[in-house]
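Below is one structure, written out as structure tokens, with a few remarks after it.
The values are calculated or read from the model by the stated rules, or taken from the named source; none is laboratory data. Everything numeric in this text was worked out from a predicted model, so none of it was measured. All Cβ positions, glycine included, derive from the backbone under ideal geometry; neighbour counts span all protein chains shown. Just so you know, the surface numbers come from the protein's heavy atoms only, side chains and all, with ligands and any DNA or RNA stripped out. Shrake-Rupley method; radii C 1.70, N 1.55, O 1.52, S 1.80 Å.
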Amino acid sequence: MESCEQCPGGEGCHGRSLAPVLRRVYALHAAGVTNKFDLLDRLSDEDEALLEQHARGLTTVCWTRAALTASATLLAEQPADDDTPPAEAVEARLAAILAAFERFPWRIDDLVDAAPELYDLVAAESDGQAAVSRLGRRPFGKLCKRAVWG
């Protein structure tokens, strides 16, 4: 993943810090809260404090890192299911992630470029138990391409 010049991936990285907020946005979106103002209204005080703390200096690179980091966690939390083929499950999760994050200023096409790294992050976070892990790196990259470009 690309890093910005202000905080190149360190502890104070805006992208790393805002990833938990995006995960909560995803959860709210999955629960049917899709209006931007309703989403903001339902974020916790802690989330709002994080947004305010990192508001200055946020770039598209920061939002992209936040979205990709949150996506890795969300994909790692998706267990492999014997009833649903992994490709279908991952494709549905990717579509839901893109829908939830569409209003944020991140470079969605970076999902394709970062697919190998994202795959490795998911595999490490899930100890190989996620649906993504049953796919392999190359098929996951193809799903990312299809999710972004149709």
Exercise. If we keep just the residues of the stretch 91-129 that are over 26 Å from VAL33 (Cα atoms) and not in a helix (DSSP H, G or I), which is least open to solvent (accessible area, probe 1.4 Å)?
Worked result: ALA114
Problem set entry | Scope the stretch 70-87; condition of a type in the set (A, V, I, L, M, F, W, C) and not in a helix (DSSP H, G or I); matching residues | ALA80
For this session: Would you be able to say whether some residue in the stretch 44-61 is assigned to a helix (DSSP H, G or I) and within 13 Å of the chain's Cα centre (by Cα)?
Result: no
Exercise. If you check ALA67 against the conditions, is it under 16 Å from PHE104 (Cβ atoms), part of a loop (DSSP other than H, G, I, E, B) and among the small types (Gly, Ala, Ser)?
Worked result: no
Problem set entry | Failed condition for PRO86, given (1) open to solvent by 40 Å² or more (accessible area, probe 1.4 Å); (2) touching a Leu at 6+ places or on another chain (Cβ under 7 Å) | (1)
Exercise. Give me the pairs: first residue in the stretch 37-60 and in contact (Cβ under 8 Å) with a residue 40 or more places away in the chain, second residue assigned to a helix (DSSP H, G or I) and of a type in the set (S, T, N, Q), beta-carbon distance under 6 Å, and six or more apart or on different chains, which are they?
Worked result: HIS54/SER17
Exercise. Do we find that PRO139 is of a type outside the set (A, V, I, L, M, F, W, C), open to solvent by 40 Å² or more (accessible area, probe 1.4 Å) and part of a helix (DSSP H, G or I) in this structure?
Worked result: yes
For this session: Would you point out the residue of the stretch 67-94, among those that are aliphatic (A, V, I, L, M) and within 11 Å of the chain's Cα centre (by Cα), that is nearest to GLN129 (Cα to Cα)?
Result: ALA76
Seminar exercise, completed: Of the conditions (1) crowded, with 17+ Cβ neighbours inside 10 Å; (2) at pLDDT 85 or above; (3) of a type outside the set (S, T, N, Q), the single one that HIS54 does not satisfy is (2)
